[in-house]
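The values are calculated or read from the model by the stated rules, or taken from the named source; none is laboratory data. Note that the structure is a prediction, hence the values are computed from the model and not measured. FYI the Cβ positions are ideal-geometry reconstructions off the backbone, even for glycines, and counts take in every protein chain you see. Accessible surface areas use protein heavy atoms only, side chains included; no ligands, DNA or RNA. Shrake-Rupley method; radii C 1.70, N 1.55, O 1.52, S 1.80 Å.
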Amino acid sequence: QVQLVQSGGGLVQPGGSLRLSCAASGIRFSIYAMGWYRQAPGKQRELVASVRGSGTTDYADFVKGRFTISRDNAKNTVYLQMNNLEPEDTAVYYCHANWSAIRYWGQGTQVTVSS
């Protein structure tokens with residue numbers, strides 16, 4: 001059974017930081033491209049960042065320089081370090097695993113940036 005279990009998130013003030021984690025089980029983690037998506041109320045889900053099995057990363061323009069995605073293949077875990085958060089970053093964040101068109105999603109975690 002494949003599981004992507006997310007942790008982290010919560011309420012933070014503008015300019016603050018949060019770290020999201022996503023622990024995978026039931027997949028050969030190292031070969032999967034891992035990513036983080038987000039969905040704000042009334043908006044479509046959008047890609048935030050991704051990291052390939054090789055370690056190559058990619059970021060949406062709106063998080064470049066603020067967010068960092070990383071993975072630990074020994075722990076089957078992917079992380080999203082979010083710094084200098086803005087109210088516009090408020091959304092539900094989803095972990096995503098993709099390999100050869102096989103896709104899995106985490107359960108989602110709320111991130112709220114507000115004073």
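Of note:
- When each of S30, S50, S70, S54 is tested for being surrounded by fewer than 17 Cβ atoms within 10 Å (Cβ to Cβ), part of a strand (DSSP E or B) and of a type in the set (S, T, Y), the lone residue that passes is S70.
- Residue match in region 81-95 (condition: at pLDDT 95 or above, of a type in the set (A, V, I, L, M) and in a loop (DSSP other than H, G, I, E, B)): yes
- Some residue of region 48-60 being aliphatic (A, V, I, L, M) and more than 11 Å from the chain's Cα centre (by Cα): yes
- Within region 34-47, the set of residues being in a strand (DSSP E or B) and open to solvent by less than 30 Å² (accessible area, probe 1.4 Å) comprises M34, G35, W36, R38.
- Candidate set from region 87-115 (those that are open to solvent by 70 Å² or more (accessible area, probe 1.4 Å) and among the charged types (D, E, K, R)); member that is farthest from the chain's Cα centre (by Cα): E88
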